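This report concerns only the one structure given below.
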Amino acid sequence: FRVHKNYICHYSPYFEAAFNGSFIEGETQVLELEDIEPKIFGIFVNWLYVQKITDEEGQLASCSDCINLWILADKILVPSLQNQALMSLEFDRSSGSKKRFASAIFHRVWDNTTEESPLRAYLVEVMV
């Protein structure tokens, strides 16, 4: 992905440190996130520019995508995106959708968040 440096660094202290610090990424201006799905990073890039959680075609992200986006935002230190991802999850849930989460998503959340995670707390609350 090609992203304007000022956008990504403005919203993410993680990228700010990587691209403007003494790391190799600061020299090369390239950072590889190997454990992030390209689709999820694409939704993040789109969010950088339009502040909405949609894909390039303007389609709303699925619940699973919002969860994966929250995990990415946690990793790259973008709390405003985490909040928006949770709001999107709640909107989908409260709009009458009776979708169930696949069990794999719970494993992903528990493996990639802390005990104090708002995402964990949300999932526990809505599933109990």
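For the residues 83, 46, 68, the requirement of being under 16 Å from residue 113 (Cα atoms), more than 8 Å from the chain's Cα centre (by Cα) and not charged (D, E, K, R) singles out 83.
Tell me, yes or no, whether the range 46-54 has at least one residue that is closer than 29 Å to residue 125 by Cα, in contact with a strand residue (DSSP E or B) (Cβ under 8 Å, 6 or more places away or on another chain), surrounded by 13 or more Cβ atoms within 10 Å (Cβ to Cβ) and without any contact (Cβ under 8 Å) to a residue 24 or more places away in the chain. Within the range 46-54, one or more residues are closer than 29 Å to residue 125 by Cα, in contact with a strand residue (DSSP E or B) (Cβ under 8 Å, 6 or more places away or on another chain), surrounded by 13 or more Cβ atoms within 10 Å (Cβ to Cβ) and without any contact (Cβ under 8 Å) to a residue 24 or more places away in the chain.
For (1) within 24 Å of residue 85 (Cα to Cα); (2) of a type in the set (Ser, Thr, Tyr); (3) touching a residue at least 24 places away in the same chain (Cβ under 8 Å), each residue gets a yes or a no:
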| position | (1), (2), (3) |
| --- | --- |
| 3 | yes, no, yes |
| 6 | yes, no, no |
| 10 | yes, no, no |
| 13 | yes, no, yes |
| 21 | no, no, no |
| 24 | no, no, no |
| 43 | yes, no, yes |
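Meeting the requirement of 1 or more residues that are closer than 20 Å to residue 13 by Cα and among the aliphatic types (A, V, I, L, M), the helices (runs of 4 or more DSSP H) wholly within the range 26-128 are 38-50, 63-75, 79-94.
Coordinate-derived values only; no laboratory data. As the structure is a computational prediction, the values presented were derived from the model and not from experiment. For neighbour counting, all protein chains shown are included, and Cβ atoms are generated from backbone atoms with ideal geometry for every residue, glycine included.
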